[in-house]
1. Using Cα positions and a limit of under 23 Å, work out the lysines in reach of K110, with same-chain residues fewer than 8 apart set aside.
2. Among the DSSP beta bridges whose two residues both lie in region 27-113, what percent are antiparallel, rounded to the nearest 5?
3. Give me the Kirkwood hydrodynamic radius of region 9-58 in Å, from all C-alpha pairs, to one decimal place?
4. Would region 48-88 count as rounded, prolate or oblate if I go by the C-alpha gyration tensor, calling it rounded below 1.5 in a/c and otherwise prolate when a/b exceeds b/c, oblate otherwise?
5. About the Cα centre of the chain, what is the dipole size in debye to 20, counting +1 per Lys and Arg Cβ and -1 per Asp and Glu Cβ, all else neutral?
6. Can you give the three extents of the C-alpha atoms in region 14-115 along their principal axes, from longest to shortest, in whole Å?
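Every number here is computed from the coordinates shown, using simple stated rules; none is lab data. Note that the structure is a prediction, hence the values are computed from the model and not measured. Don't worry about glycine lacking a Cβ; one is built from the backbone with ideal geometry, like all the others, and counts go over all protein chains shown.
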Amino acid sequence: MKRVLIKIGIGIGIIFIIHLCFLYFASYSTGVRAGELIKFSHKGVMFKTWEGEISQGVSESQRFVFSVQDKEKQVIEDLNNFQGKMVKLHYFERYKLLFWLGDTKYFVTKVELQK
């Protein structure tokens, strides 16, 4: 009986690890959004994450909220320099929100200044 419970526990653990790997490495969609960069900050208590927002129009509903991973040093530097300017963001969307990576499912991988 003890062996069966150990095998079931190991099986559940392996399934959980595979699920987490899928959520981390698989992307649901990729795309490009453009707008005025109105906010970019480093926030959090236990897990510090980079969060930003662009305005895509005049109404409150036309805002795109995004996160940036810590490993994207050039993107973080560019976003800090482009505050208040028109930018084009290349991003990917994850299947689920992973709280230790950011507050959103959208992660920016490249920033271009629009002319």
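1. Those lysines meeting the cut-off are K39, K43, K48, K71, K73, K85, K88, K96.
2. 95 percent
3. 14.5 Å
4. oblate
5. Taking the Cα centre of the chain as origin, the dipole is about 560 debye.
6. That gives 49, 27, 25 Å along the principal axes, largest extent first.
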